[in-house]
Amino acid sequence: MDHIRAQARRSPLFVWFAKHGAIWPVIGLLALWQLACLAGLVPPRLLPSPAAVALRLAHDLLDPGFLFHIGQTLIRLFSGFFLALALGLCLGIAMAQGAEPFLTPLVRVASPIPKIALYPALVLLLGFGHASKIALVVADAVFPLMLATLHGLRSVPPKLVWAAQAAGASRSTVVLTVKLPSALGPILTGCRIALVIACLNVFLAEMISSSDGLGHLLVTAARSYQVVDMFVPLVLISLIGLLLNASLQFARRRLPIAS
Amino acid sequence: MKQGPPRFSALRQVWRRNWRTVLACAALLLIWQAAALWLKREELPSAWETLRDVPVILSSGEDVLGILASLRRMALGFGLGLLVAVPLGLAMGRSKPLARLLNPLTALAYPIPKAALMPIIMLWLGIGDLSKVLVIFMGVSLPLLYHSSQGAEQVDDKLIWSAQAMGMGQVARLLRVILPAALPEVMLGCRVAVSIALITMISSEMIARQNGAGNLLFNAMDMAIYTDVYAVILIIAVIGVVLDVLMERLRVALTHWADTLQPGSTS
Amino acid sequence: MPKSLIEIAGLSKRFEVPGRGAHLALTDIDLSVREGEFVSLLGPSGCGKSTLLYMVGGFVAPSSGEIRVSGKPVREPGPDRGPVFQEFALFPWKTVLQNVMYGLTVQKVPAQEAKQRAEALLRKVGLADYAGFYPKQLSGGMRQRVAIARTLAYEPRILLMDEPFGALDAHTRTTLQNELLDIWERDRKTVLFVTHGVDEAVYLSDRVVVMSGSPGRVLRVADIDLPRPRVRTQLLTDPRYQQYVLELEALLDHARAPETTE
């Protein structure tokens with residue numbers, strides 16, 4: 001019996017579970033939830049069991065129609081994010097090079113405005129499809145990216161810049177080869193925030209006004225009181241957000257950049 | 001220097017500190033106006049038309065009541081959040097097991113827009129105010145939990161030991177030692193929470209349309225009344241700015257004693 | 001008489017400290033350095049020796065006075081004056097080889113040639129096997145060797161070294177001092193070396209410029225008349241070496257004491 005236990009302890013799965021203790025509260029909650037459903041404490045029409053949701057999720061992931069909706073959400077998410085990244089980098093660099101006194105007041109005015117309120121105007125201007133949602137993501141995600149870039153560029157150790165200048169690098173070369181790589185850490189943190197903002201905005205926009213996407217699936221299911229189908233998109237967007245967040249954290253740790 | 005009547009010198013001070021922001025607003029409005037005139041599209045009314053529409057909306061009693069109802073729901077949700085999430089967050093900051101229990105659960109909730117829970121919550125609680133307040137409460141809880149736990153974690157252990165030595169019970173320690181010491185961070189959390197409360201309020205009202213600012217906005221979009229859409233956006237924007245300014249004032253007033261005044265996201 | 005490579009005349013530097021007005025870091029500095037000389041700037045912390053070095057490097061602008069290198073006034077950093085910093089200042093996202101190649105890549109040397117030259121330099125400093133490593137995987141002494149190799153790569157006429165061995169333990173420090181002298185003996189570059197260690201200054205230099213506390217000034221310039229190549233074991237028992245060290249120590253103690261004369 002002991003040697004079995006010792007073998008189990010060495011198995012990679014066990015090691016992984018032990019290291020990632022964060023998973024236990026989640027499993028605990030799911031277990032409680034499942035037990036409550038089995039015990040009949042919760043009406044299944046109001047709160048489906050985790051098992052039911054998991055089954056429906058597995059079934060949906062094999063359905064190309066469903067995958068299409070996931071695809072639509074992901075397209076908007078990533079397009080919006082990358083556009084916001086490009087714009088945020090440019091604006092952040094501009095701010096570091098002297099545009100800050102002009103841009104900071106604009107940022108200060110724009111920040112307390114809930115960007116989701118702009119969505120109806122964007123729909124009227126850009127239609128019900130991808131464009132309005134991508135524009136919404138850009139409007140919201142550009143701010144953390146811009147500020148992260150600025151912060152990163154401002155925190156470059158000056159001796160690194162001097163070492164590059166002495167080697168003969170021009171101003172733009174210094175920005176490209178020293179300042180931006182040095183700012184990568186804070187920029188990645190900004191990307192994490194921006195990706196979550198993208199998830200939130202795309203999902204909400206698809207709930208408010210859309211013909212496809214995960215958010216749209218939720219409201220459609222709501223109209224026909226299909227609770228299980230309402231939970232599936234929520235679980236999915238949560239998993240997508242977590243996955244993106246974890247990948248960036250992983251990337252930040254693995255990259256040879258100063259902490 | 002000539003001393004004008006007190007009201008003018010106060011105004012002058014406000015101007016001196018914020019003239020850049022005022023200029024930025026004016027610039028934005030001008031760009032908007034120019035873009036609208038140049039594009040000449042019906043869907044983009046000019047800034048001037050929109051500004052003229054704002055008093056029209058505000059003169060409609062029904063609409064104003066709706067906006068006030070929205071604000072009331074926000075306040076209720078935010079207040080609930082303060083009562084529940086702040087103490088819980090402070091406790092999390094001092095208790096590693098509690099933090100390890102709750103952190104993964106909040107991480108799961110983070111990428112879900114709380115307003116997206118409206119359809120499910122409406123199944124349970126119906127269409128009234130309660131579901132919206134609950135959703136707003138959930139929305140503000142995350143930043144309040146996070147910042148309160150950060151603030152509590154950073155409280156100097158020695159302060160707590162002194163309190164223990166004085167015989168203070170756990171709850172008393174939480175409220176009378178940890179909360180004041182963690183207040184700067186908690187107030188930062190409040191600032192974030194206010195903007196999230198606004199976002200959650202607007203989006204929940206666009207999803208579950210009953211009355212309120214979000215409802216107004218959605219209706220205007222649905223009926224393609226272009227000036228109304230932009231006018232409501234302006235009203236919401238002003239509400240957002242005012243709330244942020246007020247919260248920031250409150251934060252500074254309550255925590256000016258802190259060594260390092262953290263400027264928050266965009267000060 | 002060989003013409004001076006570095007000419008410093010009437011140099012001073014004033015820093016604006018927020019809330020405390022102006023701080024005079026350096027005043028009245030006159031100094032000439034000949035080509036191929038190894039000159040140390042010796043002084044207590046805060047005497048402005050690093051600031052002086054940075055001004056020669058073109059990283060900091062003087063408040064008054066002038067610095068000329070090869071007759072031309074110094075306005076900005078350039079590959080004729082290569083720095084080596086105490087904190088190494090290696091690019092953490094680049095490998096050892098990529099760090100050393102940096103100056104060559106910037107000057108548009110073709111990749112193949114840059115790689116070969118960098119590898120040769122790494123062999124010179126004994127780190128050929130670590131070409132693919134990242135700085136954070138190396139010890140302090142190894143990082144400083146990479147930093148030196150990186151600067152040598154673009155073949156500066158002048159080496160500006162700011163307490164390069166200050167962050168290292170004593171044993172590594174002596175090892176690197178010897179390696180530095182070996183490298184230096186080969187091409188006899190001009191070196192300006194900042195340090196607060198008297199024995200280090202005497203061991204390495206042809207001349208030692210002793211500086212006093214704030215505001216920084218030149219107290220004395222001492223010629224170190226010891227034979228080269230310098231062998232540590234011989235030098236430690238050489239009475240002339242000991243005499244230099246004692247004299248300069250005494251001068252340094254005087255420099256550390258608060259100034260009583262203007």
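Coordinate-derived values only; no laboratory data. None of the values given here were measured: they were computed from a predicted structure. Heads up, the Cβs are rebuilt from the backbone with ideal geometry, glycines too, and the neighbour counts pull from every protein chain shown.
Below, the figures for the structure above:
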quantity	calculated
From phi via Karplus (6.51, -1.76, 1.60), per-residue ³J(HN,Hα) for segment C:190-202 in Hz, x at Gly/Pro	7, 10, 10, 10, 8, 7, 10, x, 5, 5, 4, 4, 5
Within chain A, helix-based [θ] at 222 nm, where runs of 4 or more DSSP H residues each add -39,500 (n - 2.57), nearest 500	-25000 deg cm²/dmol
Rounded to whole Hz, the Karplus (6.51, -1.76, 1.60) HN-Hα couplings of segment B:42-54, x for glycine and proline	4, 6, 10, x, 6, 4, 5, 4, 5, 4, 6, 7, 4
Residue of B:T227, B:T21, B:T50 that the Gaussian network model of chain B assigns the largest fluctuation, springs spanning Cα pairs under 10 Å	B:T21
Farthest positive-ward along segment C:91-236 dipole, Cα basis, beta-carbon charges - from C:L127, C:I183, C:L219	C:L127
Rounded to the nearest 20 debye, dipole of segment B:60-255 from Cβ charges on Lys, Arg, Asp, Glu	700
Dimensions (Å) - the protein assembly as shown, Cα atoms, principal axes, largest first	97, 92, 67
Sorted by Cβ density within 10 Å, fewest first, the residues C:T105, C:T190, C:T151	C:T105, C:T190, C:T151
Loop sites in segment B:173-267: chymotrypsin sites (Phe, Trp or Tyr not before Pro), DSSP, at most 12 other Cβ within 10 Å	B:W257
Average projected area [Cα convex hull, segment A:46-254], square nanometres	14.3
DSSP beta bridge pairing in chain C, given as percent antiparallel to the nearest 5	55
Hz values of 3J(HN,Hα) by residue in segment A:53-68 - Karplus curve (6.51, -1.76, 1.60), Gly and Pro given as x	5, 4, 4, 5, 4, 4, 4, 5, 5, 9, 9, x, x, 5, 4, 4
Signed unit charges on C-beta, dipole axis of segment C:131-204, positive-most listed residue C:H196, C:L159, C:T174	C:L159
Other-chain or far-sequence residues with amide H under 5 Å of C:R220's (modelled H)	C:V210
Length-normalised contact order of segment C:85-155 in % [C-alpha pairs under 8 Å, at least 6 apart]	48
Long-range amide H partners of C:L5 with built H, under 5 Å	C:V33, C:R34, C:E35
Long-range amide H partners of C:F38 with built H, under 5 Å	C:V191, C:D206, C:R207
Lysines whose Cα lies under 26 Å from that of A:K133, excluding same-chain neighbours fewer than 8 positions away	A:K115, B:K40, B:K114, B:K132
Dipole in debye (nearest 20) - the protein assembly as shown, about Cα centre, beta carbon charges: Lys, Arg +1; Asp, Glu -1	360
Chain C - mean residue ellipticity at 222 nm from DSSP helices (-39,500 (n - 2.57) per run, n ≥ 4, rounded to 500)	-11500 deg cm²/dmol
Label-point separation, A:S155 to C:A9 (7 Å along Cα→Cβ), nm	4.6
Sequence of C:S205, A:S224 once ranked by neighbouring C-beta atoms within 10 Å, starting from the fewest	A:S224, C:S205
Helix-only CD estimate at 222 nm, as mean residue ellipticity for chain B, using -39500 (n - 2.57) per DSSP H run (n ≥ 4)	-27000 deg cm²/dmol
Ascending count of other beta-carbon atoms within 10 Å, so fewest first, for A:H59, A:H69	A:H59, A:H69
